[in-house]
Amino acid sequence: MAGYPNSGNKGSAAGGYPNVPSSLDPRKAKLSLDDYMENHQIQPFVQEMLSEVFSVLPEDPYEYMTYHLASKRPARAPKDESVAACGVLWVLLPGGDPMSPDQWRLRRCWMTTAAVLCVSNAAAEVERDAAGGVVISPPSDPAPQEYALEAGATHRELDESEACKPFAFSIAVKPGPLAHKGNRTLNNGRWILQLAATSDEHRDEWFSLFAPYAKLEK
């Protein structure tokens with residue numbers, strides 16, 4: 001069974017993970033403004049929204065931004081004691097081209113105490129009513145994609161020739177029963193997920209969660 005090495009899935013409030021970065025720990029009530037913006041990726045989300053507005057020039061930009069916020073915002077963080085670390089990352093769509101900006105989506109990601117990396121695609125349903133207004137329904141909250149970390153779950157930085165997103169990285173994971181069924185690059189039987197953070201520091205925080213598995217013998 002997967003879990004933090006030698007932890008027995010017990011111990012700290014973060015479920016046995018030592019030194020979980022405070023900005024990724026869902027139990028930390030207070031974050032600095034920089035940590036808050038970085039963890040939720042607020043700046044890149046708003047930049048993407050404004051870029052679309054200025055490209056499309058919709059008749060009602062505020063309605064357009066309302067639609068964008070409702071349909072593309074990352075899911076809420078799960079309220080579950082099994083969550084050891086949580087944040088928002090750019091995730092490459094299944095089978096997507098990492099050099100194409102429109103193939104990346106902001107997604108809520110978290111690590112469980114059982115060493116499972118979860119990626120949520122939950123999004124609100126947005127429709128137009130008969131009068132042309134925007135009708136927003138709560139997300140149906142589908143189960144997240146699940147990827148187990150095991151010994152040999154290697155991770156590495158991606159350079160600008162490998163991904164268009166700055167601070168991109170990859171990790172080799174074992175797909176669980178709820179993993180996305182799209183095409184994935186395989187490496188020794190593992191899927192290669194391609195993700196991107198907000199900064200070097202943000203990426204390093206996620207790497208600190210993956211590192212114990214990469215250091216173990218298979």
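Scanning region 47-68 for residues that are out of contact with any helix residue (DSSP H, G or I) (no Cβ under 6 Å at 6 or more places or on another chain) and either part of a loop (DSSP other than H, G, I, E, B) or open to solvent by less than 20 Å² (accessible area, probe 1.4 Å) (or both) gives LEU57, GLU59, ASP60.
Among residues of region 46-70 that are in contact (Cβ under 8 Å) with a residue 24 or more places away in the chain and of a type in the set (D, E, K, R), those with a Cβ under 7 angstrom from a residue that is open to solvent by less than 70 Å² (accessible area, probe 1.4 Å) and outside any helix (DSSP H, G or I), sequence gap 6+ or separate chain, pair up as GLU63/VAL134. If you filter region 180-197 down to residues that are at pLDDT below 90 and polar (S, T, N, Q), you find that the one that is farthest from the chain's Cα centre (by Cα) is ASN188. Please determine, by comparing only the residues of region 90-127 that are among the polar types (S, T, N, Q) and assigned to a loop (DSSP other than H, G, I, E, B), which one is most open to solvent (accessible area, probe 1.4 Å). Filtering region 90-127 for residues that are among the polar types (S, T, N, Q) and assigned to a loop (DSSP other than H, G, I, E, B), the one most open to solvent (accessible area, probe 1.4 Å) comes out as ASN121. Among the residues of region 69-89, the one identified as assigned to a helix (DSSP H, G or I) and closer than 13 Å to GLN41 by Cβ is LYS72. Here is a list of conditions, (1) more than 18 Å from PRO166 (Cα to Cα); (2) modelled with pLDDT of 85 or more, and SER51 meets all of them except one; can you say which number that is? Result: SER51 passes all but (1). In summary, LEU158 fulfils each of the numbered conditions (1) of a type in the set (A, V, I, L, M); (2) at pLDDT 90 or above; (3) within 16 Å of the chain's Cα centre (by Cα) with the single exception of condition (3).
Taking region 100-148 as the range and being at positive phi and at pLDDT 85 or above as the test, only ALA115 passes. Take PRO177 and decide whether it is at pLDDT 60 or above and part of a loop (DSSP other than H, G, I, E, B). No, not satisfied.
The values are calculated or read from the model by the stated rules, or taken from the named source; none is laboratory data. Computed from a predicted model, the values in this text were never measured in an experiment. Please note: Cβ atoms are built from the backbone with ideal geometry, for glycine as well, and neighbour counts cover all protein chains shown. These accessible areas exclude ligands, DNA and RNA; they are computed on the full protein's heavy atoms, side chains included. Shrake-Rupley method; radii C 1.70, N 1.55, O 1.52, S 1.80 Å.
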